[in-house]
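Here's the structure we're looking at; comments come further down.
The values are calculated or read from the model by the stated rules, or taken from the named source; none is laboratory data. Just so we're clear, the structure is a prediction, and the values are computed from it rather than from any experiment. Reconstructed Cβ throughout: ideal geometry from the backbone, glycine too, with neighbour counts over all protein chains shown.
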């Protein structure tokens, strides 16, 4: 019996060893393979496999249009290195082909930014020719000008005074203003110094613009940047100096309109504190018209109190004409109530000058 028991145990043990061995060999990977954990299809679908780097070409051939290759946010440094020594025609062809093959405009701007750091005026001229439409052309030139004005404001302003009018795109911001706006944001005093320089130059020294336009755009940039007090002080200084001869009404109006946002009366008071001139009087008449939009009676009463040297006649007529267009019945009633006003005959003539106007009542 003991021998029989020993034999049975041995048989069972061998059987277990066989089973375990079979499981082991069945699961063991074939020679030369690694054991890989099982992954479901959903996991595989969401796994990102990084693309293998490709060898860089040393030619000026534009990038491939293969949709599987994503556009980069900045051109390859090797591309830019080649473009630095390429001719204008090669660069133009390269970049135009970039756009034709679907590269985003941001890639072109990035390349132009790098090129502009070395030769800005060349790059600006290039940007004008790269654009496929007026809007695209303007955007590309803005990008170059913005960087140039920030890096070298003096040279950028000199270019803007001399040549910017040749590059302006109809319906878009003046490129001179773009430069002045950037310079003003960085250093308001430098922008003012440039405007004062322009106001002292003979007209033929600024072929691309006028001294008054430079002054106007400068004060516009100052007020937009929140430097209204600085713009106001500048106009006051110019109005009392030799620069006044080069100013037109629009220069005064920029600051006066800013003041008029809070109080039209304050705006006219500020203008009246400046020396009389045709340009200043033009601004007075304009602000009077703005005042009349909300308070025509107060505006025309103010205008009637002006002296002839302040442009009284023009101011009164402008306000009354605006009032006629806004509320003819009220304006005509006011005129009837002021029959003995020294302005009555002139304003009556203004009222009847409108071919659609009803005849005046006696």
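At a glance:
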item: Subset of the stretch 132-141 [surrounded by fewer than 19 Cβ atoms within 10 Å (Cβ to Cβ), in contact with a helix residue (DSSP H, G or I) (Cβ under 8 Å, 6 or more places away or on another chain) and part of a helix (DSSP H, G or I)]; result: 136, 137, 139
item: Single unsatisfied condition, residue 274 versus (1) out of contact with any helix residue (DSSP H, G or I) (no Cβ under 7 Å at 6 or more places or on another chain); (2) at pLDDT 95 or above; (3) outside any helix (DSSP H, G or I); result: (1)
item: Residue 225 being under 17 Å from residue 196 (Cα atoms) and surrounded by 15 or more Cβ atoms within 10 Å (Cβ to Cβ); result: no
item: Residue in the stretch 247-258 that is within 20 Å of residue 158 (Cβ to Cβ) and outside any loop (DSSP other than H, G, I, E, B) present; result: no
item: The stretch 153-166: number of residues that are surrounded by fewer than 14 Cβ atoms within 10 Å (Cβ to Cβ) and under 23 Å from residue 108 (Cα atoms); result: 1
item: Number of the condition not met by residue 224 [criteria: (1) out of contact with any helix residue (DSSP H, G or I) (no Cβ under 9 Å at 6 or more places or on another chain); (2) more than 30 Å from residue 334 (Cα to Cα)]; result: (1)
item: Matching entry among 241, 269 (being free of Cβ contacts under 8 Å to residues at least 24 places away in the same chain, surrounded by fewer than 18 Cβ atoms within 10 Å (Cβ to Cβ), under 18 Å from residue 292 (Cβ atoms) and more than 29 Å from the chain's Cα centre (by Cα)); result: 269
item: When residues of the stretch 322-346 are limited to those that are closer than 14 Å to residue 301 by Cα and assigned to a helix (DSSP H, G or I), the one farthest from the chain's Cα centre (by Cα); result: 337
item: Filter result for residue 129 (at pLDDT 90 or above, more than 17 Å from residue 178 (Cα to Cα), in a helix (DSSP H, G or I) and over 19 Å from the mean Cα position of the chain (by Cα)); result: yes
item: Residue 145 assigned to a helix (DSSP H, G or I) and over 26 Å from residue 209 (Cα atoms); result: no
item: Among (1) assigned to a helix (DSSP H, G or I); (2) at pLDDT below 90; (3) in contact with a helix residue (DSSP H, G or I) (Cβ under 7 Å, 6 or more places away or on another chain), the one test that residue 124 misses; result: (2)
item: Matching option when the condition is assigned to a helix (DSSP H, G or I) and more than 42 Å from the chain's Cα centre (by Cα), among 285, 351; result: 351
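One line per residue, one yes/no per condition, for (1) surrounded by fewer than 18 Cβ atoms within 10 Å (Cβ to Cβ); (2) without any contact (Cβ under 8 Å) to a residue 60 or more places away in the chain; (3) under 16 Å from the mean Cα position of the chain (by Cα); (4) not in a helix (DSSP H, G or I):
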| site | (1), (2), (3), (4) |
| --- | --- |
| 173 | yes, yes, yes, yes |
| 192 | no, yes, no, no |
| 214 | no, yes, no, no |
| 229 | yes, yes, no, no |
